[in-house]
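Engineer: Take a look at this one; I'll ask things after.
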Amino acid sequence: MLSSLLTTKLFIPSLRQKIVNRRRLIEKLNDGLFSGSRLTLISASAGFGKTTVLSEWAADCDRPITWLSLDEGDNDPSRFLRYLIAALQKVSENVGSGLLSVLQTQESSSIEPILTALLNEITGIPDNFILVLDDYHLIEAKAIEDALAFLIEHLPPSMHIVIATREDPNLPLSLLRGRSQLTELRGTDLRFGPSESAEFLNEVMCLKLSAGDIAALETRTEGWIAGLQLLALSMDGHQDTASFIKSFTGSHHFVIDYLIEEVLHKQCDVVQAFLLRTSILDRICGPLCDAILGSSSSSGQEILEYLDRANLFIVPLDNERCWYRYHHLFAELLRQRFLQSCSSGNEAEGLSEYHIRASRWFEVHDLKIEAFQHAVEAKDVDRAERIIEGKGLPLHFRGAIVLILDWLKSLPATVMNSKPSLCVRYATLSLVSGQTTGVEEKLQTAEAALKAQLKGNEPDNDTRDLIGQIAAARATLALTRYEPEPMITQSNRALAYLNPDNLLARIRAIWTLGFAYQVQGDRPAARKAYVEAVELSRGSGHIRFLIVASISLGAIEALDNHLYQAVEVFKNALELAGDHPQPFENEAHLGLARIYYEWNDLEASEKHGQKSLQLARQFDPSIDRYVFCELFLSRLKLALGDTGAAAADLAETEKSVLHHSFVHRVPELAAVQVLILLRQGEVKAASLLVEKHELPLSRARVYLAQGAPAEALDVLAPVYKTMVERGWKDEQLKVMVLQVLALQAQGDKEEALLLLASTLALAEPGGFIRLFLDEGLPMGELLSKLELRGILSSYVNKLLTAFNAGEQKLEKTPKLSSAQALFEPLSPRESEVLQLIAQGFSNHQISERLFIALDTVKGHNRKIFDKLQVHKRTEAVARAHKLDLL
Amino acid sequence: MNIEQASLGPVSTMVYRIKIKGHLGPQWAEWFESMVVTQEEGGCTLLTGPVADQAALHGLLKKVRDLGLPLVSVTPAPLNEPHQKCFIKEKEE
């Protein structure tokens with residue numbers, strides 16, 4: 001019955017029965033279209049018949065046309081995008097449907113990634129089509145202007161855009177003109193010329209005027225269509241046209257202001273009152289008009305239909321003749337008159353009363369944004385605030401943030417200072433749209449106002465809740481600055497004061513608490529908070545928060561080496577998110593990528609890694625989350641044996657990190673660089689790099705590469721202690737692995753094996769594979785020894801299977817086969833022994849020749865074999881030849 | 001527009017004279033934020049009055065645009081000049 005707002009915004013205006021033929025304009029439009037221009041611009045003041053020409057063209061055109069009538073609310077990016085997608089879906093049903101659900105669930109969106117995705121989808125539309133944006137002058141937000149410039153710049157060949165506006169838009173018009181990609185219709189094109197005026201007045205409006213009269217009128221109105229229209233309406237049925245024309249052409253009076261008097265006075269009182277009072281509405285329908293007029297009879301619909309038939313200023317907005325609007329120009333005139341009428345006391349009610357009636361009607365019919373706008377016009381702050389509060393989903397989730405923030409900004413200080421709830425609202429909405437300026441000030445204003453209101457009394461529940469919200473806002477501010485202490489204090493304060501029913505705010509505060517603990521490294525506390533956040537979200541049905549809290553919990557589980565549990569959590573979260581993942585879900589994919597990597601499922605790992613990167617790139621470019629993804633993918637390439645690609649990718653990441661000054665990511669970047677350098681055999685470069693950063697594990701690796709296991713152990717010991725103290729189990733494992741390798745390199749085989757057994761015991765529950773696999777043959781050797789001893793046999797078996805399978809790959813990786821790659825050079829004595837071995841002497845013979853004990857010879861042999869990484873004499877000789885040691 | 005006077009910055013009250021083509025009657029004063037509306041010979045109307053800042057000025061110009069009134073000029077007036085308060089009769093009847 002009541003058609004929706006969406007329909008009216010997408011409605012292509014229908015043609016009047018009789019209109020003046022505008023053939024030459026239609027031809028110009030068609031020529032432009034077929035010559036390959038991207039944009040058609042129809043730019044002229046109000047009342048030049050822009051919309052009429054376009055609807056005539058639409059009726060005539062071969063190509064599918066979709067229409068979007070813009071209004072002030074469309075300055076909100078998320079709303080604009082939603083309507084844009086809705087308009088595009090009229091051409092192709094499923095275009096952008098995934099993006100729509102993203103827009104509907106997020107509070108605010110950054111435009112560019114969505115536009116890019118949308119453009120890709122539009123490219124898939126087979127037919128050529130036209131998008132009309134009507135009333136573009138109502139768009140003032142830079143974000144939207146930029147979006148449109150972007151759209152035009154990357155316009156798919158099948159798409160043509162038409163913009164109808166009262167002022168030239170802020171788009172690169174000269175550029176487009178220069179490239180012949182712009183078609184224009186301007187005021188001079190649109191005005192009626194003498195023959196068109198004649199056609200309009202005599203044939204369309206059926207006046208019978210002489211050529212001389214027409215010429216005079218055309219001169220006076222300068223062919224301004226709105227003027228001529230009103231003129232015709234005034235003259236219709238006029239007794240003395242001659243004197244009318246004389247006084248009209250003889251005065252300087254602003255044409256339509258003069259004429260509207262005439263036209264209005266011809267209407268009966270009821271209709272006059274109707275026109276004036278309903279002029280305050282942007283869109284009108286019968287029941288709404290009745291509500292405003294307070295009339296019990298439902299005459300609104302009848303009057304609207306009368307106005308429609310009489311062609312009196314009214315424009316239908318749908319085919320059902322349900323919604324209408326006044327022609328913009330006439331609406332302005334009517335409003336001015338109504339304003340004047342109210343202030344000179346001619347109206348029964350004041351202006352505000354009518355706005356309030358409108359607000360009530362819209363509210364009852366769940367058109368909350370319009371209800372809000374009229375409350376604002378009525379200057380009814382309480383009513384406006386109440387509507388923002390809303391039942392269930394607060395208004396701002398429906399893309400009205402800009403609208404509300406603008407209103408809040410416009411309120412005088414006296415109002416804001418006396419209404420702490422509005423100050424808090426301002427603060428939270430600003431934070432939601434990513435702004436931090438002015439937030440602290442508003443919070444302080446709110447506190448001052450609360451204090452004044454309380455006058456020393458105990459706060460009631462509502463006030464307590466407000467105090468809680470203030471603390472929560474401060475916690476979020478601290479979050480943007482990565483300051484964990486205030487995040488903790490403020491979140492706790494928030495939880496102490498917030499209403500138990502205020503689930504949304506409570507969940508957010510608990511999550512912020514968890515995040516703060518995580519930043520501080522207190523993982524048990526972080527986990528506890530995340531678990532609570534998950535439970536609360538689940539109970540409240542707030543899916544968004546459940547997803548975020550789950551992902552955070554998953555990350556903690558992974559850090560605690562509970563890999564299986566983490567995977568479960570991540571997968572559940574992604575399932576909840578559905579087919580249309582949003583940027584934050586990159587963390588889940590990254591988490592999964594890392595775990596699958598650990599489990600040696602490199603294919604799955606890569607899949608999730610790429611997905612994670614793709615999502616992370618949708619964030620604001622100033623957010624560094626994508627760096628983690630890129631670093632991970634480099635490491636993955638390294639594991640796959642593609643060192644060159646890993647290095648190249650890392651170089652790109654480095655450039656980007658430096659470019660954005662992502663200071664916090666530099667150490668992590670360096671750690672991966674060290675891995676690559678060591679793999680490439682560039683030990684010197686790696687050692688220089690670790691000098692610059694606090695990276696004990698990387699430093700240990702470099703020492704091992706330099707053949708200095710004792711130094712490596714020295715570095716690792718305190719780190720181990722710290723990791724155990726903090727309970728950082730993932731780091732603990734990594735340290736232990738390196739300690740095992742160091743002990744082995746030192747020759748402490750037994751110790752190494754024992755430590756490896758402990759490490760395996762810790763790693764087994766999580767199913768870690770690559771932790772060991774990545775360390776190559778030395779580790780494989782130790783594992784073989786453990787197998788022989790029957791320790792943790794099934795796990796060890798699993799690892800060795802992976803080793804054997806990967807041996808092919810391992811051999812492909814440029815192993816350290818050049819002379820410089822010798823971990824530790826042979827001592828002079830060892831070289832001597834090696835020479836003798838190569839010459840075929842037995843141990844016994846060597847001991848005699850060198851006058852050393854047999855055991856000593858065996859000791860030397862062991863050392864030589866370790867250094868050359870071989871097991872047998874023959875291998876040692878072969879290796880020595882290869883390394884040119886003989 | 002006089003550049004020196006306009007460069008007082010976005011937040012200073014000045015008096016502006018906005019000239020539009022066509023005569024408007026004094027009843028339009030309220031619509032234009034209490035500017036004084038005077039009709040000039042030659043068929044133009046002058047809207048004169050204090051304007052808080054540039055934002056307010058653009059708001060006024062938007063109203064002019066939305067009525068389809070042809071804009072002729074926007075001139076700042078020195079603050080100590082007396083406003084013109086004479087109203088010419090709307091219709092010589």
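Engineer: Can you find, among A:L329, A:Y597, A:A242, the residue sitting farthest towards the positive end of the charge dipole of chain A, where Lys and Arg contribute +1 and Asp and Glu -1 at Cβ?
Structural biologist: Working it through, the farthest residue towards the positive pole turns out to be A:Y597.
Engineer: Multiply the residue gap between A:I543 and A:H881 by 0.36 nm, knock off their C-alpha separation, and tell me the result in nm, one decimal place.
Structural biologist: Full extension from A:I543 to A:H881 adds 115.1 nm.
Engineer: Positive end of the dipole of the protein assembly as shown, charges at C-beta (+1 Lys, Arg; -1 Asp, Glu), about the Cα centre: which of A:N417, A:H664, A:L771 has its Cα farthest in that direction?
Structural biologist: With unit charges placed on the Cβ atoms, the residue in question is A:L771.
Engineer: Further question on the same structure: When Lys and Arg each count +1 and Asp and Glu each count -1, what net charge do the other residues less than 13 Å away from A:S687, Cβ to Cβ, add up to?
Structural biologist: +1
Engineer: Using alpha carbon coordinates only, what is the Rg to Rh ratio of the stretch A:501-605, with Rh defined as the Kirkwood radius?
Structural biologist: Over the Cα atoms of the stretch A:501-605, Rg/Rh equals 0.98.
Engineer: Any chance you could run the full-extension gain for A:A215 through A:F244? It's 0.36 nm times the residue separation minus the Cα-Cα distance, nm to one decimal.
Structural biologist: Here the answer is 9.0 nm.
Engineer: Moving to a separate point now. Quick one: dipole size for the stretch A:27-70, taken about the Cα centre, charges +1 on Lys/Arg Cβ and -1 on Asp/Glu Cβ, in debye to the nearest 20.
Structural biologist: 200 debye
Engineer: Charges only on Cβ, +1 for Lys and Arg, -1 for Asp and Glu: so what's the dipole of the stretch A:255-320 about the Cα centre, in debye to the nearest 20?
Structural biologist: Here the stretch A:255-320 has a charge dipole of around 80 debye.
Engineer: Charges only on Cβ, +1 for Lys and Arg, -1 for Asp and Glu: so what's the dipole of chain A about the Cα centre, in debye to the nearest 20?
Structural biologist: The calculation lands at about 1860 debye.
Engineer: Which whole-number value in Å² is the accessible area per residue of the stretch A:724-782, probe 1.4 Å?
Structural biologist: About 37 Å² of surface per residue is accessible.
Engineer: Among A:L689, A:A708, A:Q673, which residue has its Cα positioned farthest towards the positive end of the charge dipole of the stretch A:671-737, with +1 placed on the Cβ of Lys and Arg, -1 on the Cβ of Asp and Glu, and the dipole taken about the Cα centre?
Structural biologist: A:Q673
Engineer: Might you tell me the accessible area per residue for the stretch A:58-171, computed with a 1.4 Å probe and given in Å²?
Structural biologist: So the stretch A:58-171 comes to 36 Å² accessible per residue, rounded to a whole number.
Engineer: Mind grabbing the interface size between B and A? I mean buried accessible area, both sides, 1.4 Å probe, in Å² to the nearest hundred.
Structural biologist: 1900 Å²
Engineer: Taking 10 °C and 1.306 mPa s as the conditions, I'd like the Stokes-Einstein D for the stretch A:336-488 in µm²/s, using the Kirkwood hydrodynamic radius from alpha carbon pairs.
Structural biologist: 93 µm²/s
Engineer: Shifting gears a bit: Count, for each residue of B:67-75, the Cβ atoms from other chains sitting within 10 Å of its Cβ, then give me the mean as a whole number.
Structural biologist: Average neighbour count from other chains, rounded to a whole number: 4.
Engineer: Once the mean 1/r over all distinct Cα pairs of the stretch A:584-667 is inverted, what Kirkwood radius in angstroms do you read off?
Structural biologist: 12.8 Å
Engineer: How crowded by other chains is A:243-253, given as the mean number of beta carbons from other chains within 10 Å of each beta carbon?
Structural biologist: Averaged over the peptide's residues, the number is 3.
Engineer: In addition: Going down the table (A:K684/A:K749; A:K692/A:K734; A:K749/A:K867; A:K785/A:K872; A:K607/A:K684), which pairs top 23 Å between alpha carbons?
Structural biologist: Too far apart for the 23 Å limit: A:K684/A:K749; A:K607/A:K684.
Engineer: When you look at the Cβ of every residue in B:16-28, what mean number of other chain Cβ atoms sits within 10 Å?
Structural biologist: Mean shielding count: 3.
Engineer: State, as an integer percentage, the relative contact order of the stretch A:657-737 based on alpha-carbon contacts under 8 Å between residues 6 or more apart.
Structural biologist: 19 percent
Engineer: Give the shape of the protein assembly as shown as rounded, prolate or oblate, defined through the alpha-carbon gyration tensor: a ≥ b ≥ c are the square roots of its eigenvalues, a/c under 1.5 means rounded, and otherwise the shape is prolate if a/b is larger than b/c and oblate if not.
Structural biologist: It is prolate, given that a/c is not under 1.5 and a/b is the larger ratio.
Engineer: Residues of the stretch A:163-210 that become at least 50 Å² less accessible with every protein chain present than in their own chain isolated, using 1.4 Å: which are they?
Structural biologist: A:R166
Engineer: Let me ask you something else. Could you work out the relative contact order of chain A, using alpha carbon pairs under 8 angstrom and six or more residues apart, expressed as a whole percent?
Structural biologist: Averaging sequence separation for qualifying contacts and normalising by length gives 7 percent for chain A.
Engineer: Could you tell me how far the Cα centroid of the stretch A:275-347 sits from the Cα centroid of the stretch A:441-480, in Å?
Structural biologist: The stretch A:441-480 and the stretch A:275-347 have Cα centres spaced 44 Å from each other.
Engineer: Right, something else. Report the full-extension gain for the segment A:D282 to A:Q520: residue separation times 0.36 nm, less the Cα-Cα distance, to one decimal in nm.
Structural biologist: That pair, A:D282 and A:Q520, stretches by 80.3 nm at full extension.
Engineer: What part of the accessible area of chain A, given as a whole %, is carbon or sulfur when the probe is 1.4 angstrom?
Structural biologist: The nonpolar share, carbon plus sulfur, comes to 52 percent.
Engineer: Using R₀ = 45 Å, calculate the FRET efficiency as 1/(1 + (r/R₀)^6) where r is the Cβ-Cβ separation of A:K858 and A:A651; round to 0.05.
Structural biologist: With a Förster radius of 45 Å, E is 0.40.
Engineer: For the protein assembly as shown, what does -39500 (n - 2.57) per DSSP helix run (n ≥ 4), summed and divided by total residues, give at 222 nm, in deg cm²/dmol to the nearest 500?
Structural biologist: -19000 deg cm²/dmol
Engineer: Between A:T480 and A:A448, take the C-beta separation as r, use R0 = 22 Å, and let me know the FRET efficiency to the nearest 0.05.
Structural biologist: 0.40
Engineer: Still on this structure, please answer the following. Using mean Cβ contacts within 10 Å as the protection proxy, how do A:525-532, A:190-197 order, highest first?
Structural biologist: A:525-532, A:190-197
Engineer: A follow-up question, please. So, by mean Cβ neighbours within 10 angstrom, what's the order for A:367-378, A:481-492 with the highest one leading?
Structural biologist: A:367-378, A:481-492
The values are calculated or read from the model by the stated rules, or taken from the named source; none is laboratory data. These numbers were taken from a predicted model, which means no experiment stands behind them. Cβ: placed from backbone, ideal geometry, glycine included. Neighbour counts: every protein chain shown. Side chains included, ligands, DNA and RNA excluded: accessible areas come from the protein's heavy atoms. Shrake-Rupley method; radii C 1.70, N 1.55, O 1.52, S 1.80 Å.
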